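In what follows, a single structure is set out as structure tokens and then discussed.
Every read-out reported here was derived from the displayed coordinates using simple, explicitly stated rules and does not represent laboratory data. Here the structure is a predicted model, which is why all the values come from computation and not from measurement. No Cβ is skipped: glycine too gets one built from the backbone with ideal geometry, and neighbour counts run over all protein chains shown.
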Amino acid sequence: MFRKSVHVVFKYLTHIFNRSLHLCEVPACFKRSTIIPLPKKPKITGLNDYRPNSDCTSTDPSVKLLKFADDTTVIGLIQDGDESAYRQEVEQLAVWCSLNNPELNMLKTVEMIVDFRRNTPALLPLTIMNSTVTTAESFRFLGTTISQDLKWDTHIDSIIKKAQQRLYFLRQLRKFNMPQELLTQFYSAVIESVLCTSITVWFGSATKSDIRRLQRTVRTAERIIGAPLPTLQELYTSRNLFANYGGK
């Protein structure tokens, strides 16, 4: 929306900015903001039914705090066995939540440790508000399954299973003699979108065996539709180009 109207507002914003520099003060309009909370549910019964607008940030450079809507991920770099910064940031996040109403869901909270040393020392369990956090070998991050060995087998198994389940609906549409164009559109929207979830992240590191398994699903869809479809390699290449050149 802002991009489409930038040619209208840029002159006014530039004037305000230059005026601010000239007077050496921040304009009052820059100090005010209207925050419109986003509801998580159709019916709002309390503060927890809104998506939190978080001003919570990490204060340590070795710990990153990643937030998307109501999902939060803490990533800590542990060096020389010193976990204090990581644990302190987790504790501060829990305190911030208790003060600002967002409620941590401990049933969905897990800790994954990535350590490639041969002799891995025993680590103390992580606790949040007197609750021990479950240690997991993998977890889903914004729809992508990340494993502690940093391989993509688990994620690829998951998307292949989901895509194969959706092939059933493609076959049903074929039985109803739907036009080839509509079958292709259905494949692109419902099946290809699953196979290509975060493809620019994992495809370059996938094994040849995994790529063959993925491509078998595409070939099955080709036989059902009766028309050629883009290979995953082609989709990966095109999306990489789009990401690198900003869609230009």
Treating the beta-carbon of each Lys and Arg as +1 and of each Asp and Glu as -1, no other charges, what is the dipole magnitude of segment 94-192 about its Cα centre, to the nearest 20 debye? 420
I need the phi-derived Karplus couplings for segment 61-72: 6.51 cos²θ - 1.76 cosθ + 1.60, θ = phi - 60°, integer Hz, Gly and Pro marked x. x, 8, 10, 10, 10, 9, 10, 9, 6, 9, 9, 10
What residues qualify as long-range amide H neighbours of Glu111, i.e. H under 5 Å apart, gap of 5 or more or another chain, H built at 1.01 Å from N? Thr134, Thr135, Ala136
Expected sort for Arg219, Arg117 with the fewest Cβ neighbours (10 Å cutoff) up front is Arg117, Arg219
Translational diffusion coefficient of segment 118-176 at 37 °C, 0.692 mPa s, Stokes-Einstein with Kirkwood Rh over Cα pairs, in µm²/s as a whole number. 219
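Report the extension gain between Ser209 and Ala94 in nm, rounded to one decimal, defined as 0.36 nm multiplied by the number of residues separating them, less their alpha carbon distance.
37.2 nm
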